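Inspection log for the structure reproduced underneath, given as structure tokens.
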Amino acid sequence: MKARYQYRFYPTDQQRQSLAQLFGCVRVVWNDALAFCKQSEKLPGYNKLSGLLTQAKKTELRQWLSDVSSVPLQQSLRHLETAYKNFFNSRNGKRKGKKVGMPKFKKKTNTQSAEFTKAAFQLKKDSVYLAKIGDIQPVWSRELPSEPSSVTVIKDCAGRYFLSFVVEINPVNAVAKNRSIGIDLGLHIFAAMSSGEKRTSPDYSKSDRKIRKLQKKLARQPKDSRRREITRIRIAKEHNRISDTRKDFLHKLSTKIVSENQTIVLEDLNVSGMVKNRRLARAISLQGWREFRNLCEAKSDKFGREFRTVSRWEPTSQICSDCGYKWGKLDLKVREIICINCNSRHCRDENASRNIERQGIFGGSFPQKTPAQSRHGASARL
Ligand SMILES: [Zn+2]
């Protein structure tokens, strides 16, 4: 199966210039092609667009496109073709997951990227040679698992540069340690699991405060001023820090959960329907739940696991996960409860996660009703 391995690099001044030129060309090719697609009655395919690119290079207006490697420009056209395909498949329901919108025009201020296929890059001992850019020295934070089939150069909004390789990796952990797991996602504790484990979310409050301060500063600074630009980059960097920490946390957690369990049950969170809140911390956790769900679902596919969701309307926190006794709505402040029917003591979130698991596996029915049986009786009978 395919995976991406990403490494940071620090270009020389010369490389920085060459890359800026390349990114500009990739952007122009994409935007020209997209404009052409928009005014065409029948959507042109890659071959047609590629022919147009060859023609365009012969005109005075676009001849500078020949100054950069042609491979990333052609890849840009392939990406556009894929973007259209994804859009159509998403619209007619062939593609599951998040809705994909129409391809958009690329802006100079967005993240920039250029893809090199095998013919246009070469892996050397410590460096990577890119056609018409030169040797790039990435920070090899981990070893490449196999020969990459392509590499994408990325410059993000905060001005950081990355090489992102596509490599083939062997699927790991064919057999899961456990049959199933239920996970309750929350604000207080990010994930409470039916296995009894809990994970709290990383603390973003420091970055949160910094961003709010910088945004106030930004609002006071005159438009198009140099100092405003500096503030904008500082804000982008702080957002990057949050998103890097979050991604790292979510990736590690989802990999662990999916590799260890055969069936993963999550609550179906209708995140977009939730109450909007201005506080960043809350916005981040909402974003985190969505990302976590997507990661678990995608990784379940790759690991051959089953991913299930239960309706968020199920009263998962109102029922005893041992005996099924319904105690009703609990105040958010109540973190622990003792069931008056079977006398078992529950942590609120863990109890919810066990109900989520049961709901996902047994469809809500209780496989055993006698309070004498231990809470592990359910999984033993699976
Ligand atoms: Zn009970």
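The values are calculated or read from the model by the stated rules, or taken from the named source; none is laboratory data. Bear in mind that the values here come from a model prediction, so they are computed numbers and not experimental data. Cβ: placed from backbone, ideal geometry, glycine included. Neighbour counts: every protein chain shown.
The table that follows gives values for the structure above.
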quantity	calculated
Residue within the range 85-96 that is buried (at least 18 other Cβ atoms within 10 Å of the Cβ) and either polar (S, T, N, Q) or on the phi < 0 side of the Ramachandran plot (or both) present	no
Residue list for the range 3-25, filter: assigned to a helix (DSSP H, G or I) and touching a Leu at 6+ places or on another chain (Cβ under 6 Å)	Cys25
Conditions (1) at pLDDT 90 or above; (2) among the hydrophobic types (A, V, I, L, M, F, W, C); (3) surrounded by fewer than 17 Cβ atoms within 10 Å (Cβ to Cβ); number of the one not met by Ala191	(3)
Meets criteria (hydroxyl-bearing (Ser, Thr, Tyr) and touching a residue at least 24 places away in the same chain (Cβ under 8 Å)) for Thr82	no
Lone qualifier among Ile356, Ile319 - being within 14 Å of the ligand (Cβ to nearest atom), aliphatic (A, V, I, L, M) and at pLDDT 90 or above	Ile319
Subset of the range 160-180 [modelled with pLDDT of 90 or more and under 21 Å from the mean Cα position of the chain (by Cα)]	Arg160, Tyr161, Phe162, Leu163, Ser164, Phe165, Val166, Val167
Sole exception among (1) touching a Leu at 6+ places or on another chain (Cβ under 6 Å); (2) within 25 Å of Ile235 (Cα to Cα) for Val151, by number	(2)
Members of the range 287-344 that are among the β-branched types (Val, Ile, Thr) and either crowded, with 18+ Cβ neighbours inside 10 Å or over 30 Å from Thr255 (Cα atoms) (or both)	Val310, Thr316, Ile319, Val334, Ile337, Ile338, Ile340
Criterion violated by Trp64 - all others in (1) among the aromatic types (Phe, Trp, Tyr); (2) part of a helix (DSSP H, G or I); (3) under 30 Å from the mean Cα position of the chain (by Cα) satisfied	(3)
Matching strands (runs of 3 or more DSSP E) fully within the range 139-191 where at least 2 residues are touching a residue at least 40 places away in the same chain (Cβ under 8 Å) and under 30 Å from Glu314 (Cβ atoms)	178-185
Matching option when the condition is closer than 19 Å to Gly186 by Cα, more than 9 Å from the ligand (Cβ to nearest atom) and touching a Cys at 6+ places or on another chain (Cβ under 7 Å), among Glu336, Glu314	Glu336
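For every residue, the table says whether it meets (1) over 17 Å from Asn31 (Cβ atoms); (2) out of contact with any Phe, Trp or Tyr (no Cβ under 9 Å at 6 or more places or on another chain).
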position: His79; (1), (2): no, no
position: Phe88; (1), (2): yes, yes
position: Thr111; (1), (2): no, yes
position: Ala114; (1), (2): no, no
